Amino acid sequence: MRNLYDMSPKEVLQLNKSALNKALSRLQSSDSITSLRRSISELREQLYNSSRFRRSRVSDKNVIEFTSDYLNEEMDQIATSQTLERALYYVERLIKSINEVRLNGVNDINLNRWKEYNDIYFDSLWNIDKRENSGVHSAEYWGNFIPQIPYQMMKRYTKKGDWVLDTFAGSGTTLIEGQRLGRNTIGIELQEEVAEKTRRVLTLEPNADKVVSEVITGDSAVVDYPSLLNRYDRQSVQLVLMHPPYFDIIKFSDDRRDLSNAASVEEFLRMMGRVIENAVPILQKGRYLIVVIGDKYAKGEWIPLGFLTMNEVIKRGFKLKSIVVKNFEETAGKRRQKELWKYRALVGGFYIFKHEYIFVFRKS
Ligand SMILES: C[S@@+](CC[C@H](N)C(=O)[O-])C[C@H]1O[C@@H](n2cnc3c(N)ncnc32)[C@H](O)[C@@H]1O
């Protein structure tokens with residue numbers, strides 16, 4: 001007889017919720033671990049074969065979805081428990097995950113079903129070898145970040161319908177992802193031509209949730225956020241994302257307000273401080289500020305731009321929640337220069353940059 005194990009791991013099972021609830025509560029009256037294991041094994045067959053559990057017989061409200069690997073994992077955990085007490089604890093947990101939604105108030109992740117969020121990163125080392133490049137995303141804008149960064153941040157730190165501010169919008173990676181995820185986004189970009197191109201691109205991206213994705217041309221150190229938000233009848237945003245120039249590594253324009261034109265590291269930090277201070281008042285308390293930045297190398301010295309910028313945020317009362325280290329993707333240009341850089345590194349006594357930082361702060 002075929003059973004749950006025969007399904008492919010990511011196959012989604014749509015089950016009759018009351019029938020599943022009944023079957024699981026029956027497990028709760030097992031009097032020994034052996035009989036519980038037997039019942040679990042029967043249940044796996046029934047879930048796969050019996051029409052009692054099929055969704056076709058019930059209304060949408062009484063349907064619960066699971067991937068087969070998740071359900072198998074939960075059932076394995078019950079069946080391999082050493083004691084009846086432990087096994088019953090896992091049964092109870094499974095029942096809860098079917099009937100209760102537990103949220104943390106900051107995102108839409110149901111904590112009772114956290115294991116099913118396979119798309120979310122949990123650790124602080126991100127080795128991403130491929131840029132997400134679907135739809136209107138493009139790597140064409142030199143210095144843009146990979147869409148996975150705003151995707152992860154919005155999934156973890158916002159809910160659908162929340163408002164996100166990106167103080168250095170560039171080619172609009174955050175706004176495109178926001179539109180896909182049903183988050184309203186406002187992006188500030190200093191260069192009008194860049195801002196205009198981003199506006200055009202955004203019209204080509206589907207907007208199923210009809211969210212706002214607005215690009216404002218301006219200097220994020222002085223933009224009048226309260227009046228900007230007022231237009232939408234709002235006083236605050238729920239997430240601020242900052243992906244500034246990494247000082248002068250890439251010169252974005254000739255505008256003296258452009259952070260890539262700062263005269264020194266100290267001036268860059270002062271300018272960054274002003275951008276932070278301007279955005280802080282409109283960030284809702286308890287919500288998150290993200291800074292994506294890398295270090296730089298100058299005159300034989302490693303300049304820890306990332307940590308220096310991190311301090312600028314901490315100085316302004318934010319709590320540091322995480323430092324994520326992310327690899328740089330290898331562009332074709334960099335691949336060609338790789339051998340030369342290895343040689344330079346050996347001669348100069350340094351290591352070649354392969355990472356940047358994603359600093360996660362919380363406004364207390
Ligand atoms: C590292 S890029 C951001 C790229 C963006 N994350 C993306 O995916 O396209 C930095 C951007 O900040 C802009 N910029 C520099 N100084 C600025 C300022 N004072 N106010 C607003 N934008 C600024 C630059 O023109 C550039 O487009």
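Remarks
- Neighbourhood net charge (12 Å Cβ-Cβ; Lys/Arg +1, Asp/Glu -1) for N3: -1
- Net +/- balance of residues flanking R38 in space, Cβ distance below 14 Å, scoring K and R +1, D and E -1: 0
- Computed on the stretch 125-363, the Cα convex hull volume stands at 124 Å³ per residue.
- Relative to the 2.2 N^0.38 Å rule of thumb, the stretch 4-100 has a C-alpha radius of gyration ratio of 1.02.
- CD proxy at 222 nm, helix term only [per DSSP H run n ≥ 4: -39500 (n - 2.57); per residue of the chain; nearest 500]: -12000 deg cm²/dmol
- GluC sites (Glu not before Pro) lying in DSSP loop within the stretch 25-107, provided at most 12 other Cβ fall within 10 Å: E100
- Viscosity 1.567 mPa s, 4 °C: Kirkwood-radius Stokes-Einstein D of the stretch 43-162 over Cα pairs, µm²/s: 72 µm²/s
- Cross-link pairs exceeding 26 Å in C-alpha to C-alpha distance, out of K299/K354; K159/K197; K159/K326; K296/K321, comprise K159/K197.
- Fraction of alpha-carbon pairs over 19 Å apart in the stretch 266-316 - percent: 31 percent
- Candidate cross-link partners of K210 among the aspartates and glutamates, defined by an alpha-carbon separation under 18 Å and a same-chain spacing of 8 or more, comprise D162, E177, D233.
- Å³ per residue enclosed by the Cα convex hull of the stretch 78-149: 181 Å³
- Cα centroid of the stretch 269-285 to Cα centroid of the stretch 154-208, whole Å: 19 Å
- Over the stretch 235-333: Rg over Rh, Cα atoms, Kirkwood Rh: 0.98
We did not get these values from a lab; they are worked out from the coordinates using the rules stated. Since the model is a prediction, treat every value here as computed from it, not as a measurement. Note: ideal-geometry Cβ built from the backbone for every residue, glycine included; neighbour counts use all protein chains shown.
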